[in-house]
Protein chains: 2
Amino acid sequence: MYSINETHDIHLSSWVTSANQQGCDFGIQNLPFAIFRRKQSDEVFRGGVAIGDKIVDLKKLSEAHVLTDLAQKGAVACANSTLNEFMAMGKEAWGALRLALSKALTKGSKLESALKNCLVEQADAEYNLPCTIGDYTDFYTSIHHATSVGKLFRPDNPLLPNYKWIPIGYHGRASSIGVSGQNFHRPVSQTKAPDAEQPSVGPCKRLDHELELGIFMGSGNELGQSVPIEEAEAHIFGICLFNDWSARDIQAWEYQPLGPFLSKSFASTISPWIVTMEALAPYRAAFSHPADDPQPLAYLSSEQNSSQGAIDIDLEVLIQTQKMRENGQAPESIATSNFIHSYWTVAQLVAHHTVNGCNLRPGDLLGSGTQSGPEPGEGGSMLELSVGGKKTLTLSNGETRTFIEDGDSIFIRGWCANENAARIGFGEVVSTVLPAR
Amino acid sequence: MYSINETHDIHLSSWVTSANQQGCDFGIQNLPFAIFRRKQSDEVFRGGVAIGDKIVDLKKLSEAHVLTDLAQKGAVACANSTLNEFMAMGKEAWGALRLALSKALTKGSKLESALKNCLVEQADAEYNLPCTIGDYTDFYTSIHHATSVGKLFRPDNPLLPNYKWIPIGYHGRASSIGVSGQNFHRPVSQTKAPDAEQPSVGPCKRLDHELELGIFMGSGNELGQSVPIEEAEAHIFGICLFNDWSARDIQAWEYQPLGPFLSKSFASTISPWIVTMEALAPYRAAFSHPADDPQPLAYLSSEQNSSQGAIDIDLEVLIQTQKMRENGQAPESIATSNFIHSYWTVAQLVAHHTVNGCNLRPGDLLGSGTQSGPEPGEGGSMLELSVGGKKTLTLSNGETRTFIEDGDSIFIRGWCANENAARIGFGEVVSTVLPAR
């Protein structure tokens with residue numbers, strides 16, 4: 001759907017020299033979008049594109065009138081305080097701005113001096129949500145996560161009969177989604193210990209992260225109009241990192257019969273940078289499950305969907321406890337995974353979501369669900385890593401964890417790399433748990 | 001929380017004579033808010049207040065500068081195309097505008113001629129959603145609905161153990177909420193017949209209405225800050241009628257383990273008029289369940305909450321089939337109920353929703369859940385009226401129904417009345433099912 005073109009060329013290099021460094025998340029082949037301003041300033045928030053350790057200020061760039069046609073129109077839309085208008089413009093506009101920026105940032109570009117005027121150091125920036133999120137839907141696409149969690153509740157029958165037919169999803173809370181750096185108080189709510197006579201109220205005792213990707217909708221669809229799977233990817237703007245915080249003890253008591261509620265609505269944190277679907281084109285890879293396991297129903301099935309496959313995004317979760325922070329110790333890896341373990345493609349999520357006529361709007365967010373892999377070190381949540389709280393994780397400084405403690409920061413990082421394409425990264429999302437109020 | 005004052009006086013009458021007629025929904029004691037414009041015009045949508053068969057155009061009124069202070073500020077906020085800004089202003093502003101309008105519309109007011117200039121016929125108006133709905137949460141407050149539906153799935157154990165402790169709720173889809181008059185196509189999605197080997201895709205076969213009330217949040221709360229039950233009602237702006245359309249066969253196949261999804265996200269219809277919490281003050285009534293059944297946990301419990309009790313709102317569901325419409329036959333009642341059957345008060349819903357720090361924003365919508373009463377004719381959905389499709393309803397023209405057919409219009413009406421207060425009504429919400437696409 002998004003074809004490989006000159007913007008993906010592994011040999012491209014930028015006059016922004018930091019972009020050319022080995023291991024840089026934001027090389028010239030990436031060009032992800034965010035909403036930013038200078039830290040502690042009263043500047044307006046506006047759109048930016050990352051390049052190396054800098055940001056191209058798209059408001060300033062649009063005012064410089066060095067881009068033309070659709071690329072210029074796109075930059076003007078990105079001068080707003082949210083990306084919704086740009087997201088609504090569609091694939092052609094996203095591609096035009098990407099191509100123009102790729103050319104302007106390439107070594108030797110005639111636009112170098114004009115663009116230099118528009119650069120802001122990432123170190124000096126703070127971020128906002130990239131768009132107004134009208135609705136947030138959380139999916140459940142990792143069959144390994146669904147199986148591991150199912151095992152804790154139903155040892156004999158971990159995977160429910162609908163799992164391989166329906167991309168299971170549920171409506172989430174949009175208001176409590178924050179951008180990386182979101183610190184939140186440990187949630188308080190009702191729980192009931194299995195042996196207690198009645199429930200009680202208090203701080204969550206089984207606080208958990210969820211390693212997810214966030215999929216941002218670009219152009220929407222009208223209520224009553226479904227999006228065919230062949231067209232679904234063209235509606236998707238891009239992907240970010242996403243930590244969908246969860247309170248397992250609250251969830252266990254509240255979720256029957258209508259699903260999770262307060263266990264999910266206290267905080268969900270996204271990375272500031274959205275990597276576009278076009279940037280991700282070189283990293284398509286085979287599914288980690290057999291494609292006919294079973295054959296999906298017609299509305300979830302297309303030649304293209306099968307042949308494009310999954311997206312190979314390496315993922316990592318790291319923890320930095322308060323003690324580690326105080327001792328200047330870097331975050332420590334507790335899990336790795338990959339988006340190829342998703343049972344459903346992003347196109348299938350959109351096709352399913354809209355088959356009933358549900359309207360998706362530009363800026364709507366789809367959570368991938370916890371992206372766990374099949375191996376023990378690939379659990380995307382503490383619930384899996386600690387096997388429901390029964391296994392203790394020992395960190396390198398001797399601290400132990402079964403769930404997340406006050407003062408802990410959780411980082412998620414993600415990147416794509418293969419021999420035919422440049423490495424691109426998603427940056428990171430971090431959030432820190434404060435004590436209950 | 002909202003005290004009875006001169007605006008509720010049963011003896012008030014208006015110089016808008018239609019407001020004084022017996023059985024009028026919009027007498028001077030009501031003064032509900034909507035967003036409207038003249039039908040098929042290109043006028044901007046703006047706020048209005050109903051009086052008799054007219055609407056006070058609040059944009060025009062704000063421009064006439066006949067109100068003062070907080071009432072004028074409120075009218076200015078209502079000149080917008082959504083009520084969100086007015087909702088955010090809080091209880092004092094809502095009360096000031098209500099009092100000013102009550103005085104200005106009372107027989108003998110010096111403002112009669114100024115106000116006359118601002119009147120639009122309801123018959124000439126069309127409505128929009130009253131506000132931007134950031135998030136929509138659906139609750140499950142009728143214990144009779146929960147029990148009846150539970151019985152269909154679990155005959156021996158209809159009510160789950162958490163029901164009397166937690167106001168059960170789940171996140172809903174905001175994008176597909178429409179205003180009365182919303183016509184929508186029968187949703188298509190995956191279902192699986194109990195005896196089928198595998199699921200299939202097709203139009204919903206068990207389409208259902210849900211008789212609900214919609215509770216609109218006024219002033220919000222910050223993320224991380226819960227709203228104590230004593231303050232909860234002051235955050236609520238008002239209540240409307242709400243039909244939360246449901247596809248029972250889609251729901252049955254998709255809802256495990258994370259709750260309803262596509263079975264709910266194709267259409268939900270609200271009435272245009274929001275009756276304010278202040279207007280509802282005279283209609284507080286005893287709960288229909290014992291208050292200590294069991295004693296709610298502390299955060300859901302207050303002296304005031306117990307003593308104020310429920311809200312006595314009579315509710316009625318009516319059907320008009322295509323044949324009835326073609327024959328000029330009026331809608332026919334299929335169920336009645338009352339909001340006193342809600343197990344939880346609106347204050348308890350807000351206190352529970354925010355106990356974990358979840359932020360509610362002005363204009364957020366809380367669905368009450370299906371408001372069924374204890375008697376057979378008080379089921380708020382076809383699922384209950386037809387006992388899961390096993391009992392056929394025969395209409396007066398001989399047509400039969402177990403679920404909702406193409407061409408059917410479902411109406412919900414609601415009103416409050418008692419011997420000490422004037423009758424006030426909610427108007428109606430109607431939506432019509434079109435054939436699947």
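Just so it is clear, none of the values below were taken in a lab; they were calculated from the coordinates. On a predicted model such as this, the values are computed, not experimentally measured, just so you know. Neighbour counts are summed over all protein chains in view; Cβ atoms, including those assigned to glycine, are modelled from backbone coordinates with ideal geometry.
Centre-to-centre separation between the Cα atoms of segment B:297-332 and those of segment B:217-259: 16 Å. Annotation: amide H of B:Ala125 within the under-5 Å range of B:Lys39, sequence separation 5 or more or interchain, hydrogens built in the peptide plane.
Residues A:Arg98, A:Arg173, B:Arg437, arranged from fewest to most other Cβ atoms within 10 angstrom of their Cβ, appear as B:Arg437, A:Arg98, A:Arg173.
Put simply, the Cα atoms of segment A:296-366 extend 55, 27, 16 Å along their principal axes, the longest span coming first.
Compared with the alpha-carbon gap, the fully stretched path from A:Gln256 to A:Lys323 is longer by 20.3 nm at 0.36 nm per residue.
Applied to segment B:252-269, the Karplus parametrisation 6.51 cos²θ - 1.76 cosθ + 1.60 on θ = phi - 60° returns per-residue 3J(HN,Hα) values of 4, 8, 9, 7, 8, x, 10, x, x, 9, 5, 5, 10, 9, 9, 5, 8, 10 Hz, with x for Gly and Pro. Taking the charge dipole of the protein assembly as shown about its Cα centre, with +1 at Lys and Arg Cβ atoms and -1 at Asp and Glu Cβ atoms, the residue from A:Pro272, B:Asn117, B:Gly369 reaching farthest to the positive side is B:Asn117.
Annotation for A:Asn418, label-to-label distances across the other copies: 6.9 nm (shortest first, one decimal, point 7 Å from Cα along Cα→Cβ).
Based on the alpha-carbon gyration tensor of segment A:148-243 and its eigenvalue square roots a ≥ b ≥ c, which shape applies: rounded if a/c is under 1.5, prolate if not and a/b is larger than b/c, or oblate? Oblate is the answer for segment A:148-243, as a/c is 1.5 or above yet b/c matches or exceeds a/b. The mean of 1/r over all distinct Cα pairs in segment A:353-408, once inverted, gives the Kirkwood hydrodynamic radius of 14.3 Å. Residues in segment A:122-157, backbone N under 13 Å from the label point at A:Glu43 (7 Å along the Cα-to-beta-carbon vector): list them, ranges by number please. From segment A:122-157, the list is A:122-128. Size of segment B:1-151: Rg and Dmax of its alpha carbons, in Å, are 17.1, 60.
Reducing segment B:16-59 and segment B:84-161 to their Cα centroids gives an inter-centroid distance of 14 Å. Listed from fewest to most Cβ neighbours within 10 Å, the set A:Ser175, A:Ser3, B:Ser62, A:Ser226 follows the order A:Ser3, A:Ser175, B:Ser62, A:Ser226.
Using alpha carbons only, what's the Rg to Rh ratio of the protein assembly as shown with Rh from Kirkwood?
Reported Rg/Rh, Kirkwood definition of Rh: 0.97.
Computed with the Debye formula from one identical point scatterer per Cα of segment B:136-434, without solvent, the log10 of I(q)/I(0) at q = 0.08, 0.14 Å⁻¹ comes to -0.33, -1.06. From helices alone, the protein assembly as shown scores -5500 deg cm²/dmol at 222 nm; the rule is -39500 (n - 2.57) for each run of n ≥ 4 DSSP H residues, then divide by the residue total. Overall, segment A:136-434 carries a charge dipole of about 660 debye about its Cα centre when +1 sits on the Cβ of Lys and Arg and -1 on the Cβ of Asp and Glu, all other atoms neutral.
Sort A:Ser189, B:Ser113, A:Ser288 so that the residue with the fewest other Cβ atoms within 10 Å of its own Cβ comes first and the one with the most comes last. Walk me through the intermediate numbers first.
Working: A:Ser189 28, B:Ser113 10, A:Ser288 18.
With the fewest neighbours first, A:Ser189, B:Ser113, A:Ser288 line up as B:Ser113, A:Ser288, A:Ser189.
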